[in-house]
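The values are calculated or read from the model by the stated rules, or taken from the named source; none is laboratory data. It should be emphasised that the depicted structure is a prediction, and the values quoted were computed from it without experimental measurement. We place every Cβ from the backbone using ideal geometry, glycine too, and count neighbours over all the protein chains shown.
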Amino acid sequence: MENKNDDKLLEIKNLRLHFSTRGGTVQAVDSVNFELKRNHATVVIGESGCGKSSLAKAVLRLLPRNIKTYDGQVILAGEDIMALDDETFRRTIRWKRISMVPQAAMNALNPVMRIGEQVAEPAMVHLSLTKKEALQQAVRMFEQVGVPTDFVYRYAFELSGGMRQRAALAMSLVTLPDLVILDEPTSALDVLTQASIMNLMKRVKNQLETSFILITHDIATSSELADSVAVMYAGQIVEVSDAFQFFSAPLHPYSRKLMASVPRLRMDVEPEFITGQPPSLINPPTGCRFAARCPARFSKCDEEPPMLQIGDRQVKCWLHA
Amino acid sequence: MSEMQEKSKEVLLSIQDLHVWYELKRFGFGHAGFVRAVDGVSFDLMQGEAMACVGESGCGKSSLMKTIMGLNRPTKGDIVFDGTKLTETQGEALRLYRSKIGYVQQDPFGALPPFMSIQRILEEPLIVNGIKDKAERLDRIRRTLTEVKLTPVEEVLPKYPHMLSGGQQQRVVIARAMILEPQLLVADEPVSMLDASVRVEILKLLRGLQETHNLAVIYITHDLSTVRYFSEYIFVMYAGEVVEIAEMETLLNNPQHPYTQALLTASSDPDANNALVMRDIPPGEPPSLVNPPEGCRFNPRCPEMIPGKCDVKRPPSFETEKHHKVLCWLYEGEKIVDATG
């Protein structure tokens, strides 16, 4: 923890990703700003449909065809990668600098290819290693993530869920990227496997000095890795905070409600639910998007709140103005 | 809980040394062994009582539930539900048996047929169970929908599953399970597919239904943190066996089986300090149910394994305190309550 490098690795400025659909424009990611330090982990938490996965795809430029708007800045170690053309982006950024473990990656492994070859492939393609070197690199990654090295020769169906998830993680690490984006990496796993994968990511983070963006709806698990927390609601980030401050006292009313909805194992508090539903992203309300469900709503909330800086935390709520 | 126990209760469901084995065939006919999905499970469930079943995938909990619902046949042992022995039930009697047990599936979207309206989905069990009067059927559907708080009812009835949110779909699934007024509700991870904010709402709904209808509930989950708000009793399954069974508070505060202890260690509450510590997780993975380890099935992963004992002889069930039974040699010397093995 002492040798923490304080320089910025990633800076996202005014990132927007809107899709056009028959029903209208879906504002999946709307003016998102946040920063990530080197060797840090930020967790993005929010309900399903709030745009968490779209945010990951927008950073990695893994876009569907029905794009309406896609702009803003994504600055990776001083370079605006949004300005790169698609081919340069593919050659120099994706996998090489930023890799991703997509949702349900463990079920997306190729069934007719040996695990080792699959894990080695990004290293062959993006680092121009020979097959032999890439396989050696894959074996090193297997050791790192706790997969027995003889599994290199096995097929996906021969592995348990936990082992397949580890293999997917090894694949994302094999090119030694600066940043790994994990989309719900443990949601389909059992409690013990989940805990050991989280253990593993803590170790990887310290040993390989990788940064992580962890996207999840599971708040308890997210606290296992978080250095900082970004809360997303209806396509916008409503709070960015250091993990210690966030988990002890969240600022935004939505964050508070979200924390109160988590059932506690070791504390005798009744969890509460959040009444109502998130707004549609096609025509989101003009003011604060959480206003309709907010217990602390007042007249000002009809205007959109700015992102307010409070100490080293940020919150998008008029209560703190 | 004490006043609940004062009411005299009857045993609704009694599981007696239940074994569910699936035969493995070689080339389609040769015998190649058994998958011992459920191996010697016994417990009683009282009327109106909620019991939670905790275990990892592949531990046999789904096989156990399917057998309770009469979808599987026990290989050995028996299930007595409301005075009826499952092994002696067939045909029309079996249909009647099944109609007394409601089932709430894990994935609400997958559990609802996409081409049926909500009205049709809820009408189906009533038609199958011989309620011929259409007005009566509609009346029961309306009552049940109001009870699961899917209102306004008239707007919901003509809708199709995809038009509802995840939480609303799960309410339809619960309504379908409740519509025949069962005595037992089996809820298989009813909230694991839902968002945190909706989860609590559904759990509270289930709890409310249980109390108003004096319903027995078996709640299957892998998430220990939701159990606490739900059940009086809890049992932990590992590799086809019930390794620990106790009152809920007792189990959470004083877990005795090393596996239960590991499960509790692995479950976290939101706390930034979690990121600074490594969790103490037993190595390895649950064993194959075709060739389970000799002796205690947890012994290859257990931090407190006693060589020469745990890997040789299957532990009996020790009663360490009232209503608290553990399948573990660490408690040798306590009263043995069942010595199957």
(message) Whether any residue in the stretch B:194-207 is touching a His at 6+ places or on another chain (Cβ under 9 Å), within 14 Å of chain A (Cβ to nearest Cβ), under 30 Å from B:F43 (Cβ atoms) and outside any helix (DSSP H, G or I) is what I want to check.
(response) no
(message) Checking the condition under 14 Å from the mean Cα position of the chain (by Cα), touching a residue at least 60 places away in the same chain (Cβ under 8 Å) and either more than 30 Å from A:I81 (Cα to Cα) or surrounded by fewer than 21 Cβ atoms within 10 Å (Cβ to Cβ) (or both), which residue from A:I181, A:I219, A:I213 passes?
(response) A:I219
(request) Kindly establish whether B:Q256 is of a type outside the set (D, E), more than 14 Å from every other protein chain (Cβ to nearest Cβ) and not in a helix (DSSP H, G or I). (result) yes
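This table checks each residue for (1) surrounded by fewer than 20 Cβ atoms within 10 Å (Cβ to Cβ); (2) within 18 Å of the chain's Cα centre (by Cα).
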| position | (1), (2) |
| --- | --- |
| B:S165 | yes, no |
| B:Q170 | no, yes |
| B:P182 | yes, yes |
| B:L185 | no, yes |
| B:Y219 | no, yes |
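Out of all the residues in the stretch B:217-224, is one or more assigned to a loop (DSSP other than H, G, I, E, B) and either away from chain A (no Cβ under 11 Å) or at positive phi (or both)? Give the steps one after another, and end with the answer.
We begin by selecting, within the stretch B:217-224, every residue assigned to a loop (DSSP other than H, G, I, E, B); these are B:222-223.
Checking the rest, the ones that are also either away from chain A (no Cβ under 11 Å) or at positive phi (or both) come to none.
No, the conditions are met nowhere in the stretch B:217-224.
Does B:Y238 satisfy being within 14 Å of chain A (Cβ to nearest Cβ) and within 22 Å of B:G77 (Cα to Cα)?
Numbers: within 14 Å of chain A (Cβ to nearest Cβ): yes; within 22 Å of B:G77 (Cα to Cα): yes.
Yes; evaluated as a whole, the condition is true for this residue.
Could you pull out the residue among A:A296, A:A321, A:A292, A:A249 that is out of contact with any His (no Cβ under 7 Å at 6 or more places or on another chain) and within 30 Å of B:T221 (Cβ to Cβ)? Steps first, please.
Numbers: A:A296 fails: within 30 Å of B:T221 (Cβ to Cβ); A:A321 fails: within 30 Å of B:T221 (Cβ to Cβ); A:A292 fails: within 30 Å of B:T221 (Cβ to Cβ).
Of the residues listed, the single one that is out of contact with any His (no Cβ under 7 Å at 6 or more places or on another chain) and within 30 Å of B:T221 (Cβ to Cβ) is A:A249.
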(request) Could you please find all residues in the stretch A:274-284 being under 21 Å from the mean Cα position of the chain (by Cα) and facing chain B (nearest Cβ under 10 Å)? (result) A:P278
(request) Mind counting the residues in the stretch B:45-66 that are under 16 Å from B:I101 (Cβ atoms) and more than 12 Å from the chain's Cα centre (by Cα)? (result) 4
(request) Output yes when any residue across the stretch B:300-321 is of a type outside the set (D, E, K, R), outside any loop (DSSP other than H, G, I, E, B), closer than 19 Å to B:V38 by Cβ and under 22 Å from the mean Cα position of the chain (by Cα), and no when none is. (result) yes
(request) Output the qualifying pairs, or none if there are none: Cβ atoms under 6 angstrom, residues six or more apart or on different chains, first residue in the stretch B:263-289 and within 20 Å of A:A41 (Cβ to Cβ) and more than 7 Å from every other protein chain (Cβ to nearest Cβ), second residue at pLDDT 90 or above and not in a loop (DSSP other than H, G, I, E, B). (result) none
(request) Of all residues in the stretch A:146-175, count the ones that are buried (at least 16 other Cβ atoms within 10 Å of the Cβ), more than 14 Å from chain B (Cβ to nearest Cβ) and not basic (K, R). (result) 11
(request) Select from the stretch A:229-261 the residues that are facing another protein chain (nearest Cβ under 7 Å) and aliphatic (A, V, I, L, M) and list them in ascending order. (result) A:A243, A:L258, A:M259
(message) Checking the condition of a type outside the set (A, V, I, L, M, F, W, C), modelled with pLDDT under 90, buried (at least 17 other Cβ atoms within 10 Å of the Cβ) and more than 16 Å from the chain's Cα centre (by Cα), which residue from A:P271, A:P305, A:P253 passes?
(response) A:P271
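Would it be correct to say that A:R264 is of a type in the set (K, R), free of Cβ contacts under 8 Å to residues at least 60 places away in the same chain and either assigned to a helix (DSSP H, G or I) or away from every other protein chain (no Cβ under 11 Å) (or both)?
On the way: of a type in the set (K, R): yes; free of Cβ contacts under 8 Å to residues at least 60 places away in the same chain: yes; either assigned to a helix (DSSP H, G or I) or away from every other protein chain (no Cβ under 11 Å) (or both): no.
When the stated conditions are applied, A:R264 does not pass them.
Residues checked against (1) modelled with pLDDT under 90; (2) on the phi > 0 side of the Ramachandran plot; (3) outside any strand (DSSP E or B):
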residue: B:H19; (1), (2), (3): no, no, no
residue: B:F34; (1), (2), (3): no, no, no
residue: B:A37; (1), (2), (3): no, no, no
residue: B:D44; (1), (2), (3): no, no, no
residue: B:S57; (1), (2), (3): yes, no, yes
residue: B:M65; (1), (2), (3): no, no, yes
residue: B:Y97; (1), (2), (3): no, no, yes
residue: B:L122; (1), (2), (3): no, no, yes
(request) Would you check if B:I202 is within 30 Å of B:W21 (Cβ to Cβ), crowded, with 20+ Cβ neighbours inside 10 Å and not basic (K, R)? (result) no
